[in-house]
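The values are calculated or read from the model by the stated rules, or taken from the named source; none is laboratory data. Because the structure is a prediction, the values reported are computed rather than measured. Cβ atoms come from the backbone with ideal geometry, glycine included; neighbour counts cover every protein chain shown.
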C-alpha cells in the first residue's frame with residue numbers, strides 16, 4: 001500500500017516520523033510530504049521517504065515571525081495543488097492549518113484521512129476558523145482522534161458523523177530513549193526534580209503550577225520550553241527553586257531531562273492528548289496530570305482536578321515523598337509504552353483503517 005503522510009508546516013516531526021517508520025515496518029510504502037523544521041534536528045527517516053521541500057520552499061524571515069508566516073500562506077495553495085498529482089492509495093494529513101483553503105484543495109484521486117491533533121482550534125486565529133475546520137472534517141473520508149474524549153467532541157460539538165471517526169491512541173516516543181545522553185540545559189543541584197516540558201501556552205496552566213509550587217521547598221521545578229505567551233509575569237511570580245529554560249530544546253536535551261526528572265507535571269486546563277505525556281511514558285517518568293480531555297484515559301499517571309493548585313500541590317508532595325509509588329508508576333508507564341501505545345500497534349490500526357477506505 002502506498003501511503004502519503006502530509007504535515008505541511010512540520011508541526012509534529014516526532015509523531016510524523018514515528019508513525020511513518022512503523023507503517024514502513026508493517027510493509028507500507030510511505031512518503032512524508034512536509035517542510036523543513038525550523039527549530040533543530042529531526043529523527044532520521046528509517047524505511048520511508050521524506051520530501052521536506054514539498055511545502056514552503058521559500059522561507060524568508062525568522063522562525064515563527066510574521067514574514068515567514070506570510071510566505072507560507074502565499075505558497076500554501078499552489079503546494080497543496082501540486083500534492084494532488086502524487087500517486088498514493090491513501091493520503092493522510094497530520095495537520096491542515098489553513099482550513100478555509102484546505103477544504104477545497106484536498107486530493108480527489110485517493111481516500112483522505114485527517115488526524116485531529118487539536119479537535120477544534122484552541123486559539124482561534126481568524127474569524128470563522130472553527131466553521132472552516134468543520135467543513136474540512138466533512139470533506140475528508142475519515143478522521144483519526146487520540147481519545148474517546150476527542151471522539152465525543154467531534155460528534156457532539158462539531159456535528160461529525162460518528163462513522164467517520166476512528167480512535168487510535170497517540171504513541172509513546174520511545175525513539176527518544178535511544179538517543180545518547182546530552183548535558184542538561186541547567187546546572188543540576190541533585191535535588192528532587194519536577195519537570196514541566198513543552199511549548200509555554202496559556203491553556204497549559206503554568207500559572208496554576210506556580211501557585212501549587214509555593215511551600216514545596218525540598219525540590220526544584222524546571223519549566224522548559226519555547227514561549228508562545230508573555231512569560232514575564234510567570235517569572236516574576238516564581239519562587240526561588242523554580243528555573244526556566246525558554247527556548248526550543250533538542251531531542252537529546254529532552255531525553256536528558258526526562259531521564260533526570262523524578263516527576264513530570266502537565267497541569268493543563270484543556271487538551272485532547274499531548275506528545276509531552278507520551279514522551280514521559282516512554283522514559284517511565286512518573287506523571288501528575290490534570291483530569292481533562294483524554295488524559296484520564298491514560299491510567300499510568302496521577303490525575304488531579306484542573307485549575308486546582310491545592311490538589312496539585314498535595315499530589316506533587318505525596319509523589320515526591322513516596323519512592324514506592326513512583327516506582328509503580330514508572331513500571332506502569334513502561335508497560336503501556338510497550339503495549340497499547342507502541343507504534344507498531346498504532347500502525348496496524350492505521351493500516352486497517354486505510355484498507356477499509358480503499
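Return the only residue of 199, 210 being surrounded by 16 or more Cβ atoms within 10 Å (Cβ to Cβ) and closer than 29 Å to residue 117 by Cα.
210
Give the range 79-100 a look and list any residue that's in a loop (DSSP other than H, G, I, E, B), within 24 Å of residue 356 (Cα to Cα) and in contact (Cβ under 8 Å) with a residue 12 or more places away in the chain, or say none.
Hits for the range 79-100 are 84, 86, 87, 88, 89, 94, 95, 96.
Could you check how many residues of the range 314-334 are part of a helix (DSSP H, G or I) and surrounded by fewer than 15 Cβ atoms within 10 Å (Cβ to Cβ)?
Of the residues in that region, 9 qualify.
Of the conditions (1) within 16 Å of the chain's Cα centre (by Cα); (2) buried (at least 21 other Cβ atoms within 10 Å of the Cβ); (3) at negative phi, residue 304 clears all except one; give me its number.
Condition not satisfied by residue 304: (1).
Residues in the range 116-123: is at least one modelled with pLDDT of 90 or more and in the same structural domain as residue 9 (by TED's automatic domain parsing)?
Yes, the range 116-123 contains a residue that is modelled with pLDDT of 90 or more and in the same structural domain as residue 9 (by TED's automatic domain parsing).
Condition first: free of Cβ contacts under 8 Å to residues at least 60 places away in the same chain, touching a strand residue (DSSP E or B) at 6+ places or on another chain (Cβ under 8 Å) and over 23 Å from residue 78 (Cβ atoms). Now tell me which residues in the range 101-123 satisfy that.
Of everything in the range 101-123, just one residue is free of Cβ contacts under 8 Å to residues at least 60 places away in the same chain, touching a strand residue (DSSP E or B) at 6+ places or on another chain (Cβ under 8 Å) and over 23 Å from residue 78 (Cβ atoms), namely 115.
Which of the residues belonging to the range 1-49 are more than 23 Å from residue 62 (Cα to Cα) and surrounded by fewer than 18 Cβ atoms within 10 Å (Cβ to Cβ)?
Within the range 1-49, 1, 2, 25, 26, 27, 29, 44, 45, 46, 47, 49 qualify.
Of the numbered conditions (1) assigned to a helix (DSSP H, G or I); (2) at pLDDT 90 or above, residue 69 satisfies every one except a single condition; which is it?
(2)
For residues in the range 80-102 being within 23 Å of residue 28 (Cβ to Cβ) and under 20 Å from the mean Cα position of the chain (by Cα), which is surrounded by the fewest Cβ atoms within 10 Å (Cβ to Cβ)?
If we take residues in the range 80-102 being within 23 Å of residue 28 (Cβ to Cβ) and under 20 Å from the mean Cα position of the chain (by Cα), then 95 is surrounded by the fewest Cβ atoms within 10 Å (Cβ to Cβ).
Based on this model, can you work out whether residue 105 counts as surrounded by 15 or more Cβ atoms within 10 Å (Cβ to Cβ) and at pLDDT below 90?
No; evaluated as a whole, the condition is false for this residue.
Residue by residue through the range 153-178, note down the ones that are touching a residue at least 40 places away in the same chain (Cβ under 8 Å) and assigned to a loop (DSSP other than H, G, I, E, B).
168, 169, 170, 171, 172, 173
Of the conditions (1) part of a helix (DSSP H, G or I); (2) within 18 Å of the chain's Cα centre (by Cα); (3) within 19 Å of residue 106 (Cβ to Cβ), residue 133 fails just one. Which one is it?
(2)
Taking the range 45-55 as the search range and keeping residues that are in a loop (DSSP other than H, G, I, E, B) and out of contact with any helix residue (DSSP H, G or I) (no Cβ under 8 Å at 6 or more places or on another chain), which one is nearest to residue 251 (Cα to Cα)?
52
With respect to residue 249, determine if the residue is farther than 20 Å from residue 208 by Cα and either modelled with pLDDT under 95 or in the same structural domain as residue 40 (by TED's automatic domain parsing) (or both).
yes
More than 22 Å from the chain's Cα centre (by Cα), at pLDDT below 90 and either assigned to a helix (DSSP H, G or I) or surrounded by 14 or more Cβ atoms within 10 Å (Cβ to Cβ) (or both): is that true of residue 76 in this structure?
No, not satisfied.
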